[in-house]
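Visitor: Sharing a structure with you now.
The values are calculated or read from the model by the stated rules, or taken from the named source; none is laboratory data. Remember, predicted model here, so these are calculated numbers, not experimental data. Here the Cβ positions follow ideal geometry from the backbone for every residue, glycine too, while neighbour counts run over all protein chains shown. Accessible surface is based on the protein model in full, side chains and every heavy atom, while ligands, DNA and RNA are left aside. Shrake-Rupley method; radii C 1.70, N 1.55, O 1.52, S 1.80 Å.
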Amino acid sequence: MTVLHRWHGGVLVAACASVAVLTGCAAPDAAAPVAEDRSWDDVLAEAEGQTVDLWMYGGDVQGNAYVDDVLARAAAELGVTLRRVPIADTGDAVNRVLSERQAGVTEGEVDLVWVNGDNFATGRQAGAWLCDWTSMLPNIAGTDPDDPLLTSDFGTPVDGCEAPWHKAQFSLVYDAARVPDPPTTLAGVLDWAEVNPGRFTYPAPPDFTGSAFLRQVLYSVSGGVDEVPLEHSDEAYEELSPALYDRLAELAPALWREGDTYPQSQQELDQLFADGQVDMTMTYGPATVDDLVADGTFPETTRVLTLDEGTLGNASFLAIPSTSDDQAGAMVVADLALSPEQQLAKARPEVWGQFTVLDLDRLGDDARAGFEALPDSAVVPSYEELSAGADPELSAGWVTPLDDGWRREVAAG
Amino acid sequence: MSAPLLVSRLGSRLGRGALAFWLVLPLVPLLLWAAADRWSAPALLPQAWGTTGLAEARAAGAGAAAVRSAVLGTAVAVLATPLGALAGRALTSGALRAPGLVFAVLLSPLVLPPFAVALGLDVLLLRLRVPAEVGLVLLLTVAAIPYTTVVMRAAYAAHDRHHDEEARLLGASAWRVVRSVHLPLLAPAVAGAAFLAFLVGWSDYVVTLLVGGGRLVTLPLLVGAAASATGNDAQVAVLALSAVLPPVALLVVIGSIGRRARR
């Protein structure tokens, strides 16, 4: 799940530059194409017989199985063939759509993308996504229209250009056998790391998870989420970032390998945790921890740590490229994926364990009872517990300055 | 047997052994992981053996992906091998004014990063409305031509044209000469060139995904997707072995063609 969010700005800029040189193309029209307003029956009728190519990060075995065995089967009943294209990085799907858009293609190969954050923002800038279509979906009624996680995707307004699919919560993960008395705040975690030298580290930003950890520490050293303006400005950065870097530089000698080196990715940190070299890891997809414990990658005593002040939360979405010619079919799949039945099936830990985007108060009694009957996990607390006091994500404008500053002030310092 | 000869033989045998060991060593953890249900450090060997990796790889569609990879590799080999043979023959015929320059142009795809080529030509191919599969095979064929050209140029440089002329003098038709004299003499080189071209299609990731538009989900796509997460080691190992072993088997077959031809 985490690789989904990698920041691909540099690659895209380079790619567009090379494209411009080779084909002498002008920048594509940035205005987002808007879906025509029509009845849902009309959409259903057009969707019948279409094949929808869903490009999604393919590293999650449970996610792949859910889409192939559950979602695709339900889509087939509606006459839509759902075909999953596994990719190592969501940026690849965005690159393909941008190429198609530059070439003016209207029967593109990508019909649906699992996306959020920077990849969504990049696509929006180039008009790569179809907009104003999610209000047509019957099942959107189950979501809260004022839910900040669903109206803004890392500071980029959603504006009906993508339909919500899952929620995620940044979480620290620890081994209760080795940390019997875990801290309950992020400041406490950093203090604990200093008392236990060599037992903690974090992935080096710009790794997505390491970057999220940086923002979480920024909230903590700034005195809480209310002290940090969500929109980035140079003044706010100058004012707030020194405390962040000072704290992390001070912490560095107590980290794994004395902070001389950092894991390059969350996967590397997970491996260190699995091998018992450190006592904590972190993830933006705590739902996967159950599975890692079940298959023995992580020890049985692995637990997700809840913090008193709350942690960063986000949602991920399904977006329809403006170049797709199976847009009706893609809408039908996005609506299906939002249905209470599919959201409940997907929330089961043995299926995928992804948190729902639905607002339980808006559901019928049966559907709500289904969600309430989900089994408790010994490893991962419920979404309600995890997301209590959830912190909003900073806008994407913060991310690169914070990551670059970390490299200058902490890694090189 | 004299002592220096013995030492040199022993040295050669040791050297060959070390080389084989060096080539096989990376496959050992792959083989172990492929059969491991659980293997966490610091254990030297997996704690639990099983077929989880195999089951996951099959669920991911490894079988169909291997067939697609083979089809793609074959298509590239079928196109790039004759083109490489024609180029190799022309380069050694003495008919070209600047063979060095032509050779450099033919090799130029080797120095271009595939990512840039894929992204750049993607837009062009899309504009020209070239179907994704055709564009994919076309681009990979261009990428394979340097390899087939190098192999066939060396083969033609060592090839004695007089055999062909002799057969013609004895009354064989042009087609008969190609079939009965020319090709059998060049068979090992053709097989080697075709093998390299096959590998270009078999192992490509970025062109298959971006230019191919995700229509052909081949083995490298599955390996890349599975390897981008934690905890998939067994599945990745099975997929990686499925990607490595068929070419190795093919190499053995080609090696036997070469031996038969030399006899």
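Visitor: Which of the residues spanning the range A:325-348 are surrounded by fewer than 23 Cβ atoms within 10 Å (Cβ to Cβ) and either farther than 30 Å from A:Glu100 by Cα or out of contact with any helix residue (DSSP H, G or I) (no Cβ under 9 Å at 6 or more places or on another chain) (or both)?
Guide: Answer for the range A:325-348, where residues must be surrounded by fewer than 23 Cβ atoms within 10 Å (Cβ to Cβ) and either farther than 30 Å from A:Glu100 by Cα or out of contact with any helix residue (DSSP H, G or I) (no Cβ under 9 Å at 6 or more places or on another chain) (or both): A:Asp325, A:Ser339, A:Pro340, A:Glu341, A:Gln342, A:Leu344, A:Ala345, A:Ala347, A:Arg348.
Visitor: Just one of A:Asp275, A:Asp291, A:Asp270, A:Asp295 is touching a helix residue (DSSP H, G or I) at 6+ places or on another chain (Cβ under 7 Å), facing chain B (nearest Cβ under 9 Å) and not β-branched (Val, Ile, Thr); which is it?
Guide: A:Asp291
Visitor: What tally of residues in the range A:175-207 results from selecting those that are under 30 Å from A:Leu358 (Cβ atoms) and either surrounded by 15 or more Cβ atoms within 10 Å (Cβ to Cβ) or in contact with a strand residue (DSSP E or B) (Cβ under 7 Å, 6 or more places away or on another chain) (or both)?
Guide: Adding up the residues that qualify gives 1.
Visitor: Residues in the range A:114-124: is at least one touching a residue at least 24 places away in the same chain (Cβ under 8 Å), more than 21 Å from A:Val399 (Cβ to Cβ), in contact with a strand residue (DSSP E or B) (Cβ under 8 Å, 6 or more places away or on another chain) and buried (at least 20 other Cβ atoms within 10 Å of the Cβ)?
Guide: no
Visitor: Check B:Leu91, B:Leu126, B:Leu110, B:Leu101 and return the single one that is aliphatic (A, V, I, L, M), at pLDDT 85 or above and farther than 26 Å from B:Gly73 by Cβ.
Guide: Residue meeting the stated conditions: B:Leu101.
Visitor: Among the residues of the range A:32-53, how many are under 29 Å from B:Val236 (Cα atoms) and open to solvent by 10 Å² or more (accessible area, probe 1.4 Å)?
Guide: So the count comes out to 2.
Visitor: To continue, here is another question. Does at least one position in the range A:251-266 carry a residue that is closer than 20 Å to A:Glu309 by Cβ and either touching a residue at least 12 places away in the same chain (Cβ under 8 Å) or open to solvent by less than 10 Å² (accessible area, probe 1.4 Å) (or both)?
Guide: Scanning the range A:251-266 turns up at least one residue that is closer than 20 Å to A:Glu309 by Cβ and either touching a residue at least 12 places away in the same chain (Cβ under 8 Å) or open to solvent by less than 10 Å² (accessible area, probe 1.4 Å) (or both).
Visitor: State yes or no: is A:Thr209 in a helix (DSSP H, G or I) and either touching a helix residue (DSSP H, G or I) at 6+ places or on another chain (Cβ under 8 Å) or within 14 Å of another protein chain (Cβ to nearest Cβ) (or both)?
Guide: So A:Thr209 passes the test.
Visitor: Among the numbered criteria (1) hydrophobic (A, V, I, L, M, F, W, C); (2) open to solvent by 60 Å² or more (accessible area, probe 1.4 Å); (3) more than 10 Å from chain A (Cβ to nearest Cβ), which single criterion is violated by B:Leu106?
Guide: The single condition B:Leu106 does not satisfy is (2).
Visitor: Related question: Please verify whether the range B:202-211 includes one or more residues that are open to solvent by 40 Å² or more (accessible area, probe 1.4 Å) and either of a type in the set (A, V, I, L, M) or in contact with a strand residue (DSSP E or B) (Cβ under 8 Å, 6 or more places away or on another chain) (or both).
Guide: No.
Visitor: If you check A:Val351 against the conditions, is it in a loop (DSSP other than H, G, I, E, B) and surrounded by fewer than 23 Cβ atoms within 10 Å (Cβ to Cβ)?
Guide: In short, yes.
One line per residue, one yes/no per condition, for (1) within 12 Å of chain A (Cβ to nearest Cβ); (2) among the basic types (Lys, Arg); (3) more than 12 Å from the chain's Cα centre (by Cα); (4) part of a loop (DSSP other than H, G, I, E, B):
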residue	(1), (2), (3), (4)
B:Leu183	no, no, yes, no
B:Ala189	no, no, yes, no
B:Phe198	no, no, no, no
B:Arg215	yes, yes, yes, yes
B:Leu221	yes, no, yes, no
B:Val236	yes, no, yes, no
B:Ala240	no, no, yes, no
B:Val244	no, no, no, no
B:Pro247	no, no, no, no
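Visitor: Determine which member of the set B:Thr92, B:Thr81 is among the hydroxyl-bearing types (Ser, Thr, Tyr), part of a helix (DSSP H, G or I), away from chain A (no Cβ under 14 Å) and open to solvent by less than 20 Å² (accessible area, probe 1.4 Å).
Guide: Exactly one of B:Thr92, B:Thr81 is among the hydroxyl-bearing types (Ser, Thr, Tyr), part of a helix (DSSP H, G or I), away from chain A (no Cβ under 14 Å) and open to solvent by less than 20 Å² (accessible area, probe 1.4 Å), namely B:Thr81.
Visitor: Still on this model: Which of the residues spanning the range A:54-87 are within 7 Å of chain B (Cβ to nearest Cβ) and either charged (D, E, K, R) or open to solvent by 10 Å² or more (accessible area, probe 1.4 Å) (or both)?
Guide: Hits for the range A:54-87 are A:Asp60, A:Val61, A:Asn64, A:Ala65.
Visitor: Please find, among A:Thr261, A:Thr201, the residue that is in contact with a helix residue (DSSP H, G or I) (Cβ under 6 Å, 6 or more places away or on another chain), in a loop (DSSP other than H, G, I, E, B) and among the hydroxyl-bearing types (Ser, Thr, Tyr).
Guide: When all the criteria are applied, what remains is A:Thr201.
So that you can scan it fast, the table gives a plain yes or no per residue for (1) free of Cβ contacts under 8 Å to residues at least 24 places away in the same chain; (2) within 14 Å of chain A (Cβ to nearest Cβ); (3) not in a loop (DSSP other than H, G, I, E, B):
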| residue | (1), (2), (3) |
| --- | --- |
| B:Leu45 | yes, no, no |
| B:Gly53 | no, yes, yes |
| B:Ala57 | no, yes, yes |
| B:Ala65 | no, yes, yes |
| B:Arg68 | no, yes, yes |
| B:Ala77 | no, no, yes |
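Visitor: Now a separate question. Every residue in the range B:118-138 that is open to solvent by less than 40 Å² (accessible area, probe 1.4 Å) and over 19 Å from A:Val97 (Cβ atoms), please.
Guide: B:Val137
Visitor: I would also like to ask the following. Name the residues in the range A:292-315 that are crowded, with 18+ Cβ neighbours inside 10 Å, within 19 Å of A:Phe355 (Cβ to Cβ) and not polar (S, T, N, Q), would you?
Guide: Matches in the range A:292-315: A:Leu292, A:Val293, A:Arg303, A:Val304, A:Leu305, A:Leu307, A:Gly310, A:Leu312, A:Gly313, A:Ala315.
Visitor: With the requirement that a residue be touching a Pro at 6+ places or on another chain (Cβ under 9 Å), at pLDDT 95 or above and either charged (D, E, K, R) or in a loop (DSSP other than H, G, I, E, B) (or both), what does the range A:133-147 give you?
Guide: A:Thr143, the sole residue that qualifies.
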